Amino acid sequence: MADESSTEEHVKRMKKTIAKIKKDMPSLSTILSTYEKVFTERAKFREELPLLLNVRISSPDPLRFSQGMTLMNEGIFPLAPDSMEKVRDRMIPVLSKAFPKFSPVLRKLKAALKKNQVDLKSCMESMVHNREEIISQTASQLETDPLTLKFILGQLLKPLVEKRAESLRSVIQNLHWKKGYCPVCGSFPVLSYLKGEEGQRWLICGLCSHEWRFMRTQCPFCENEDS
């Protein structure tokens, strides 16, 4: 069962943060109001997902993992078919209301998903691994451009991959990871922060929001030491 109180607290914190940004930067009020609706529904939907992700998880090979093989590349990122249907039916209407400009594309995407003409998991993997050809083909199929499709797919898939990544933490918590990209899905970090008295550096994945420890003096993108 989803923890409704934790969901409510998460939404309250998010709304409080957005309200503060609106006050400090009034010029962003319109766009923040739009995203607030999406964030709220995404948070609620995410808490409903554990019941949909009852998929057996296998452990990665420790050696391959230490050498940089992500869980997604190992095939240890299963996404249940019913969860794909749920994300389609729950999030596409939310995005259509929040971003009316994308409504025609979203309608075509929903129809294509129902007919199994578009595979959300393949699209997600293509985004992570920069397989532009697949993204371009899908965008052409939906009569839109690749950038628009990436934005839509990112908004659709985020609650799903975040919840899946959360369920995979225990699988890798005792394994060593030195890479600057996410050990779960392979995406690069979007944020970093310092933690604890020792100032440990932690990175936050831009797609699945997984957090992992990384060297303070090393660039996560090129993995070179700061000079």
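Structure data summary
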read-out: Cβ crowding within 10 Å averaged over residues, with 110-118, 217-225, 192-200, 138-146 ranked highest first; value: 138-146, 110-118, 217-225, 192-200
read-out: The chain - charge dipole about Cα centre, Lys and Arg +1 at Cβ, Asp and Glu -1, debye rounded to 20; value: 700
read-out: Computed helical MRE - 222 nm, the chain, DSSP H runs ≥ 4 contributing -39500 (n - 2.57), nearest 500; value: -17500 deg cm²/dmol
read-out: Charge dipole (the chain, unit charges on Cβ, about Cα centre) - positive-most of Ile172, Phe102, Cys185; value: Phe102
read-out: Where the Cα pairs of the chain fall when distances are cut into 10 Å bins, in %; value: 7, 28, 35, 24, 5, 0
read-out: Charge dipole magnitude, Cβ of K and R +1, D and E -1 - the range 97-199, Cα centre, debye nearest 20; value: 460
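Since every read-out is calculated from the coordinates, none of them should be taken as a lab result. Computed from a prediction, not measured in an experiment: that's the story for all the values here. Glycine also receives a Cβ, built like all others from the backbone with ideal geometry; neighbour counts cover every protein chain displayed.
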